[in-house]
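Single-structure report; data block below.
Please treat every number below as a calculation from the coordinates, not as lab data. Bear in mind the structure is a predicted one, so any value in this text is a computation, not a measurement. Quick reminder, even Gly has a Cβ in these numbers, built from the backbone with ideal geometry, and neighbours come from all protein chains shown.
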Amino acid sequence: MYSEKVMDHFQNPRNMGEMENASGIGTAGNAKCGDIMRIYLDIDHSGRIREAKFKTFGCGAAVAASSMATELLKGKTVQEALEVTNKAVMEALDGLPPVKVHCSLLAEEAIHAALWDYGERNGIVIRGLEKPLKDMP
Ligand code: FES
């Protein structure tokens, strides 16, 4: 049912944990399953993501999606980070079962919320980024 990559990122999650002095923090939740994902970004002065971390209270697929998402974010500019969509995360994981697609969507929403937070803190507009609907405190 799950690809080897999903199992690997679920069992050995990369970049798990909180980040002190993050440049941007975003949280997304899914009302139906009750799962919550938080993404922390460390962004340098040129707008490039140095480090990304996550904390996820959720299912295995959500943990794997957060782990892969943080890996994909590292080294990207804040503009390029918009390319880390739920589709990109799913592709990098070699797919997710249809009932688990929303878990990768949570990653995209948390990324957008973290980028929005960074933009607001620094007065930076990221082209194509819309204010997240579901950011949670
Ligand atoms: Fe809700 Fe996976 S079941 S995030």
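Considering Cα pairs under 8 angstrom that are at least six residues apart, work out the relative contact order of the chain and quote it in whole percent.
Taking the mean separation of contacting Cα pairs over the length of the chain, I get 30 percent.
The radius of gyration of the Cα set in the chain, together with its Dmax, comes out at 13.6, 44 angstrom.
Rounded, prolate or oblate: which fits segment 49-94 when a ≥ b ≥ c are the square roots of the eigenvalues of the alpha-carbon gyration tensor, with rounded for a/c under 1.5 and prolate only if a/b beats b/c?
Working: a/c = 2.42, a/b = 1.41, b/c = 1.72.
Oblate is the answer for segment 49-94, as a/c is 1.5 or above yet b/c matches or exceeds a/b.
A cut-off under 12 angstrom between Cβ atoms defines the neighbours of Gly119, and their net charge, with Lys, Arg +1 and Asp, Glu -1, is 0.
Work out which GluC sites (Glu not before Pro) in the chain are exposed loop sites (DSSP not H, G, I, E or B, at most 13 other Cβ within 10 Å) and give the longest gap free of them. Write out the running numbers ahead of the final one.
Numbers: sites that count: Glu18, Glu20, Glu130.
Counting only loop sites that pass the neighbour cut-off, the longest clear stretch is 21-129.
Every helix of 4 or more DSSP H residues in the chain counts as -39500 (n - 2.57), and over all residues that averages to -11500 deg cm²/dmol at 222 nm. Between Glu20 and Glu91, the modelled labels are 3.8 nm apart [label points 7 Å from Cα along Cα→Cβ]. Shape class for segment 18-59, computed from the alpha carbon gyration tensor (a ≥ b ≥ c): prolate, with a/c not under 1.5 and a/b above b/c. Placing unit charges on the Cβ atoms of the charged side chains and taking the dipole of the chain about its Cα centre, the candidate lying farthest along the positive direction among Gln79, Leu105, Asn12 is Leu105. Magnitude of the charge dipole for the chain, about its Cα centre and with charges confined to Cβ atoms of Lys, Arg (+1) and Asp, Glu (-1), is about 120 debye.
Under unit Cβ charges (Lys, Arg +1; Asp, Glu -1), what dipole magnitude, rounded to 20 debye, does segment 1-70 have relative to its Cα centre? Walk me through the intermediate numbers first.
Details: 8 positive and 8 negative charges, 29 e Å.
I would put it at about 140 debye.
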